[in-house]
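The values are calculated or read from the model by the stated rules, or taken from the named source; none is laboratory data. If you're wondering where the values come from, they're calculated on a predicted model, not measured in any experiment. Here Cβ is always computed from backbone atoms with ideal geometry, including for glycine, and neighbour counts include all displayed protein chains. The protein model used for the area step is the full one, side chains on, heavy atoms only, and it has no ligands, DNA or RNA in it. Shrake-Rupley method; radii C 1.70, N 1.55, O 1.52, S 1.80 Å.
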Amino acid sequence: VQLQASGGGLVQAGGSLRLSCSISERPFSYFALGWFRQAPGKEREFVASIGYTNWTTYYRDSVKGRFTISRNNAENSVYLQMSNLKPKDTAVYYCAATPGFNYATQPNDYNYWGQGTLVTVSS
C-alpha cells in the first residue's frame, strides 16, 4: 500500500491550505484514514480521522472548527482542508491508512503511512 501526500507549503497565519493524499490500495473504501503531524522535537500527534463505513470524523481539540477531513472513494483520496492556520500548526503532516476501523486516533492504529508534507505557518 502506497500513500502519497501533497499540498504542504508556506502560508501566513490566518491562511488556508488543502492537503491531499492518494492511496494505491483497493478497495479504498475499506480503509479508515487519518492525518497526523510532527513538529520538530515533538512526538507525532493525531490531527483528524475518518471512518471507513460511517465516515464519522474525529479531530484533536486544537483544530476543531478550523480543519476538515474528507474522503473521495472514487478517487482513492483523502483530504485535509486547513483554515485559519496558526504558527503552532507548523509541522510535517502525514496521511495514514488502516483497514477496517471506524475509530482510529493513535499512530499504532495505522498500518500504512505516507511520506509527509511540510506545512509552515508564519506569524
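Cβ-Cβ distances below 9 Å connect the following pairs, each with a first residue in the range 22-34 that is under 16 Å from residue 2 (Cβ atoms) and open to solvent by 50 Å² or more (accessible area, probe 1.4 Å), a second residue that is aliphatic (A, V, I, L, M) and modelled with pLDDT under 85, and a separation of six or more residues or different chains: 24/1; 25/1. Once the range 61-86 is narrowed to residues that are among the charged types (D, E, K, R) and open to solvent by less than 70 Å² (accessible area, probe 1.4 Å), the residue that is farthest from residue 9 (Cα to Cα) is 71.
In this structure, is residue 53 of a type in the set (S, T, N, Q) and surrounded by 15 or more Cβ atoms within 10 Å (Cβ to Cβ)? No: the conditions fail for residue 53. Taking each residue of the range 59-88 that is more than 19 Å from residue 46 (Cβ to Cβ) and looking for partners that are assigned to a loop (DSSP other than H, G, I, E, B) and of a type in the set (A, V, I, L, M) with beta-carbon atoms closer than 9 Å, six or more apart or interchain, yields 84/13; 87/13. Inside the range 1-12, can you point out the residues that are surrounded by 14 or more Cβ atoms within 10 Å (Cβ to Cβ) and more than 17 Å from the chain's Cα centre (by Cα)? Selection gives 11 alone. Of the strands (runs of 3 or more DSSP E) entirely within the range 28-110, those holding at least 2 residues that are at pLDDT 95 or above and within 10 Å of the chain's Cα centre (by Cα) occupy 31-38, 45-50, 67-72, 77-82, 91-99. Selection over the range 87-111 of residues that are closer than 14 Å to residue 12 by Cα and surrounded by fewer than 14 Cβ atoms within 10 Å (Cβ to Cβ) gives a count of 2.
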